[in-house]
1. Among (1) farther than 26 Å from residue 125 by Cα; (2) surrounded by 18 or more Cβ atoms within 10 Å (Cβ to Cβ); (3) of a type in the set (Val, Ile, Thr), there is one condition residue 177 misses while meeting the rest; what is its number?
2. Please specify each residue of the stretch 50-70 satisfying the condition of being touching a helix residue (DSSP H, G or I) at 6+ places or on another chain (Cβ under 9 Å) and modelled with pLDDT of 90 or more.
3. Where residues in the stretch 290-317 are in contact (Cβ under 8 Å) with a residue 60 or more places away in the chain and surrounded by 19 or more Cβ atoms within 10 Å (Cβ to Cβ), which of them is farthest from residue 356 (Cα to Cα)?
4. Just to be sure, is residue 131 at pLDDT below 95 and outside the structural domain of residue 7 (by TED's automatic domain parsing)?
5. Listed residues 140, 90; which is charged (D, E, K, R), outside the structural domain of residue 287 (by TED's automatic domain parsing) and over 25 Å from the mean Cα position of the chain (by Cα)?
6. Quickly run through the stretch 356-366 and pick out the residues that are in a loop (DSSP other than H, G, I, E, B) and within 25 Å of the chain's Cα centre (by Cα).
7. Report, ordered by the first and then the second residue, all pairs with beta carbons closer than 7 Å, sequence separation of six or more or different chains, a first member in the stretch 235-260 that is in the same structural domain as residue 271 (by TED's automatic domain parsing), and a second member that is in a loop (DSSP other than H, G, I, E, B) and of a type in the set (D, E, K, R).
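The values are calculated or read from the model by the stated rules, or taken from the named source; none is laboratory data. Being a predicted model, the structure only gives us computed values, none of them experimental. FYI the Cβ positions are ideal-geometry reconstructions off the backbone, even for glycines, and counts take in every protein chain you see.
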Amino acid sequence: MQVYLVGGAVRDGLLGLETGERDWVVVGGTREMLAAAGYREVGRDFPVYLHPVTHEEYALARRERKIAPGYRGFSVEFGPEVTLEEDLARRDLTINAMARTADGDLIDPHGGRRDLEARVLRHVSDAFVEDPVRVLRVARFAARFAPQGFRIAPSTLALMRAMVARGETDALVAERVWQETEKALREMHAAEFFRVLRDCGALRVTYPEIDALFGVPQPPEWHPEIDTGVHTLMVLDQAAALSPEPEVRFAALVHDLGKALTPPAQWPGHHGHEMRSVALIEALAERLRLPAAYRELAVLVAREHGIAHRALGLRPATVVEFLERTDAFRRPARFVQALLAFEADARGRTGLETRPYPQAAWLRAARDAAAAVRPEAAVRDGLHGAAIGAEMRRLRTAAVATLPRPGPETL
């Protein structure tokens with residue numbers, strides 16, 4: 001039985017990047033041998049084991065054969081006769097198809113090191129087309145390695161386009177689409193994930209609501225970039241610079257979905273797009289089974305971003321209503337997330353990327369001033385029920401009215 005370090009740890013080590021989880025392949029081993037050594041089996045579709053001390057994953061070397069459509073349509077063979085080279089050959093990209101021996105020697109049958117040095121994402125073999133999830137994975141790796149200057153090999157991009165044209169990506173299930181998307185949203189260049197999906201045609205399959213935004217014009221005086229799809233990815237870029245939280249980035253990405261439903265006769269204006277966006281986000285969240293934190297923040301940002309941009313010109317009472325509607329008093333952390341998404345929207349415009357956004361700091365100060373008002377005084381005055389709420393709103397409005405404003409808004 002021989003054990004090899006494989007995959008991302010080998011790749012990232014060669015790139016000089018910090019390596020996270022380490023994965024291992026066992027050649028010449030059996031289930032019985034690993035069980036006897038204290039490994040715990042956890043794999044559902046094929047044998048994967050956790051090391052009894054390190055808890056790192058060890059998988060028996062395996063072959064895969066396509067037998068049906070979709071990413072689950074594979075026959076998996078494993079056993080002591082499967083070689084390391086056969087296991088590496090089933091992987092998606094050459095940079096992920098390398099291994100190291102216990103002595104540190106590199107095993108690289110598909111030129112992964114060469115492609116690392118050339119900064120190329122290239123498929124291992126034509127078997128790449130058998131698994132539509134690989135389209136998503138390549139897009140995610142493009143986002144992850146954008147800072148290192150990686151590009152997709154033309155032949156690989158051609159395969160991805162062919163897979164989309166043949167309907168292979170139609171078999172993608174919501175679970176895997178969201179799983180790869182959430183990983184991509186954690187990358188600093190998350191927008192590259194969506195750019196690659198659009199380039200190969202898969203965006204209209206996985207996120208038709210986002211794909212539909214491209215080609216929809218906006219008023220040039222507010223949006224010099226004009227195209228709503230371009231603006232959307234610029235906003236995601238800004239959100240990634242402002243916050244590491246994927247929930248903030250996702251909310252920024254989908255905040256304008258409703259503009260795709262604006263009748264062309266109304267272009268470049270988009271009156272009422274906020275609530276159209278909310279409806280589309282709700283449907284998208286249902287389709288992909290999004291976690292509640294993503295759905296709730298995205299809905300809030302889509303519904304309220306126009307009000308937030310006008311905050312410096314609003315009456316104090318309207319500001320308090322906004323704070324109540326966004327649940328800023330009970331959920332201050334989520335309110336801060338929303339402010340970051342609002343700021344990303346304001347800056348995701350050509351030539352305005354570094355423009356100040358005083359609305360965020362002022363709304364945070366307004367929230368703090370209003371939250372400092374306590375109900376005890378109203379209770380001492382003998383008020384009950386709805387009267388307490390009305391008095392609280394009056395006092396909060398008075399507190400917001402005392403705040404200095406940084407000047408007329410510019411959005």
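1. With (1) farther than 26 Å from residue 125 by Cα; (2) surrounded by 18 or more Cβ atoms within 10 Å (Cβ to Cβ); (3) of a type in the set (Val, Ile, Thr) applied to residue 177, the lone miss is (1).
2. 58, 59, 60, 61, listed by residue number.
3. Residue satisfying both the conditions and the ranking: 290.
4. When the stated conditions are applied, residue 131 passes them.
5. 90
6. Selection gives 357 alone.
7. 238/353; 246/186
A quick yes/no check of all residues on (1) touching a Cys at 6+ places or on another chain (Cβ under 8 Å); (2) closer than 19 Å to residue 90 by Cα; (3) of a type in the set (A, V, I, L, M):
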site: 117; (1), (2), (3): no, no, no
site: 122; (1), (2), (3): no, yes, no
site: 130; (1), (2), (3): no, yes, no
site: 135; (1), (2), (3): yes, yes, yes
site: 143; (1), (2), (3): no, no, yes
site: 175; (1), (2), (3): no, no, no
site: 202; (1), (2), (3): no, no, yes
site: 218; (1), (2), (3): no, no, no
